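Only one structure is covered here, and it is reproduced in the block below.
Coordinate-derived values only; no laboratory data. This structure is a prediction, so every number in the text was calculated from the model and none was measured. Glycine gets a Cβ as well: all are built from the backbone with ideal geometry, and neighbour counts include every protein chain shown.
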Amino acid sequence: MSQTQPTTPFGRRPLSLAMMAAQAAAKACPDEAASHKWRTFRNLTEAKARLGIGDRALAVLSALLSFHPETALMPGTDLVVFPSNRELSVRAHGPSPTTLRRALAQLVESGLVIRRDSPNGKRYARRGEGGQIEQAFGFDLSPLVARAAEFEALAAEVRAAAKARALLREEISLLRRDVAKIVAFARETGLSGGWEALEARLQGTGAMPPRSAGNAVLNEIAEELRALRAAVDKCLAESIEFQKTDASESQAGYHHQSSKPESFQNLEGGLRGRDDPPAVPRGESVVPVNRALPLGLVLEACPDLASYARHGIGTWRDFLGAAAVARTCLGITPPAWTLAVEAMGEEQAAVVVAGILQRGTAIAAPGAYLRDLAEKARAGRFSAWPMVMALWRVRQGVAMSGSEIAGQTVSHSSR
């Protein structure tokens, strides 16, 4: 005698289209089909939002799967599990009876399980003479086998969308950081370009998007930041190219050493107190670059350093002490100072610090500027003499543009 398999729910529960669709899918499932129950459950967990099932329903489904003794699910009568509500609640981590019924109804309406209700609504199994189950009334897990490929595809789509979202958020974070730091660097170092407008565009993109932002929103923000990054890179390249061109022009106008030995003697005499110091032609150095700098000349060119000395500056020792205080206030790090001392010597490095201090806000990054001059000095392309003479001329009232001062500061011709 063949066993009748029930297809309608017991009592007042109505039959729905979802139930009929699940039953049709179970009937169409090939006999050789199989699925790993916990792998299928993982796919369901990842695709739960696409399937419209909640966490509590998944917990109850996990409990139902635990009542099936085998790991592999294959079509047949043994896919019907028949636990009591009490045992099912224990394995589902103790939901209330109402929550349990609601979760079971959601699993049925989602087509994940099929109700196989007995005539009286009880769940049980009828066994044959050999102890094998001939007919069972409870919850049929056949849809999990029939729809295993569907669940796997949905989970793959969800994982791909999550990866794309993570990559977009990562790209947005990196673009925001790179643009902000490049703009800050350019403004601190005084590079030419529309950096204020670029900074305003960055602020206009808003803060980092929230975690709930969808891929469409993230794509829009990322596109805007990519365009901004391209504009920043273009502006930076143009500014650097301009700086190189400007530096080349400044180097082309190197000052010349005077062939008159009495010129520096006259200058030193003027600094000692003569009433009429000799006029120094613009753009012309009158001293050899390898000669030691007179302390009086340095103090004439860089008087601001005196405010950092405790008892005034009368010797080079006093000068070095004041320079140590000044470089700390300027934010020059010990490694940058050590590099300068190794390249120039302690006295000349202190003179450079005094020159940086004298130029004030014209040098936005004193530490980086000192490192650059140290590298030039190591290569034999820098001496403190041109810088001191340029500052001295400014102090003497000679009209000299800032670009000329910068050119003489960072350039030196060894002739």
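Applying a DSSP loop filter and a limit of 12 other Cβ atoms within 10 Å to the trypsin sites (Lys or Arg not before Pro) in the range 116-186 leaves Lys122. Residue separation of Glu238 and Arg378 scaled by 0.36 nm, minus their Cα-Cα distance, works out to 47.6 nm of gained length.
Cβ-to-Cβ counts within 10 Å put Ser307, Ser110, Ser192 in ascending order as Ser307, Ser192, Ser110, the fewest first. Relative to one another, the C-alpha centroids of the range 143-214 and the range 303-363 are positioned 45 Å apart. For Tyr124, the residues whose modelled amide H falls within less than 5 Å of its own, excluding neighbours fewer than 5 places apart on the same chain, are Phe137. Each residue of the range 378-390 is assigned a 3J(HN,Hα), and the resulting list reads 5, 8, x, 10, 8, 9, 6, 4, x, 5, 5, 5, 5 Hz, derived from the Karplus form 6.51 cos²θ - 1.76 cosθ + 1.60 (θ = phi - 60°), x at Gly and Pro. Here the Kirkwood formula, the inverse mean of 1/r across different C-alpha pairs, assigns the range 331-398 a hydrodynamic radius of 12.1 Å.
Applying 1/(1 + (r/R0)^6) with r as the Cβ-Cβ distance of Thr333 and Ala72 and R0 = 45 angstrom yields a FRET efficiency of 0.10.
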